[in-house]
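The values are calculated or read from the model by the stated rules, or taken from the named source; none is laboratory data. Only a predicted model underlies this, so the values are computations on that prediction, with no experimental measurement involved. Ligands, DNA and RNA are excluded from the accessible area calculation, which covers all protein heavy atoms including side chains. Shrake-Rupley method; radii C 1.70, N 1.55, O 1.52, S 1.80 Å.
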Amino acid sequence: MAAEDRDYNLTEEQKAVKAKYPPLCKKYEYLDHTADVQLHAWGDTLEEAFEQCAMAMFGYMTDTGTVEPVDTVEVLAEGHDLLSLLFHFLDEWLYKFSADEFFIPREVKVLHIDRMQFKIRSIGWGEEFSLDKHPQGTEVKAITYSAMQICEDEKPEVFVIIDI
């Protein structure tokens with residue numbers, strides 16, 4: 001299912017916020033998976049594929065076009081290889097949403113991936129999630145390693161199953 005296919009039944013107020021900002025570039029889709037959902041994201045660089053994967057996760061929770069970029073949050077993560085780095089990157093962003101600041105980004109930017117030490121630095125622009133302002137999608141409970149893939153053959157792409 002393409003990212004645009006999710007229907008959030010936006011209110012007029014939510015549509016007005018969405019119209020205030022340029023449309024978001026979505027290089028991701030949702031693939032069917034038993035009881036969960038698989039995120040498929042891609043980009044011109046591995047950094048962009050990671051960014052798009054994070055936005056795919058948040059796009060499943062709400063229409064990120066209704067989020068205003070009023071705050072900035074930084075997320076750092078580490079792993080022991082690229083797969084664990086992707087896992088921890090997404091897990092840290094999910095933590096910012098669900099346990100810490102209830103932060104929902106409009107956009108995530110990966111500033112640097114250290115492929116030797118398996119560290120990542122990223123920032124997101126957004127705001128605190130509010131049911132009054134943002135449409136409710138599906139709660140993401142956890143990131144999983146199940147069938148996780150990073151492909152860099154032609155264009156970088158990643159596949160991640162999230163527990164919903």
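Determine the shape class of segment 15-61: with a ≥ b ≥ c the square roots of the Cα gyration tensor eigenvalues, call it rounded for a/c under 1.5, and otherwise prolate if a/b is greater than b/c, oblate otherwise. Oblate, because a/c is 1.5 or more while a/b does not exceed b/c.
Each residue was assigned an accessible area with a 1.4 Å probe, and for ILE164 the value is about 50 Å².
Counting only protein heavy atoms and a 1.4 Å probe, the chain has 51 square angstrom of accessible area per residue.
Using a/c under 1.5 as the rounded threshold, could you call segment 14-102 rounded, prolate or oblate? The axes a ≥ b ≥ c are square roots of the C-alpha gyration tensor eigenvalues, and prolate needs a/b larger than b/c, oblate otherwise. Because a/c hits 1.5 or more and a/b exceeds b/c, segment 14-102 counts as prolate. For segment 95-164, the calculated P(r) over all alpha carbon pairs, in 5 Å bins from 0 to the bin holding the longest distance, is 3, 12, 14, 23, 24, 14, 7, 3, 0 percent. Over 21 Å apart: what share of the alpha carbon pairs of the chain falls there, rounded to a whole percent? Cα-Cα pairs of the chain separated by over 21 Å account for 41 percent.
Over the chain, dividing the summed -39,500 (n - 2.57) contributions of all DSSP H runs of at least 4 residues by the number of residues returns a 222 nm mean residue ellipticity of -7500 deg cm²/dmol. Based on alpha-carbon atoms, the Kirkwood radius and the radius of gyration of segment 54-113 give Rg/Rh equal to 0.96. Counting protein heavy atoms only, segment 91-164 has 45 percent of its accessible area on carbon and sulfur, 1.4 angstrom probe.
State the percentage of accessible surface on segment 1-60 attributable to carbon and sulfur atoms; use a 1.4 Å probe and exclude ligands, DNA and RNA. Carbon with sulfur: 49 percent of the solvent-accessible area.
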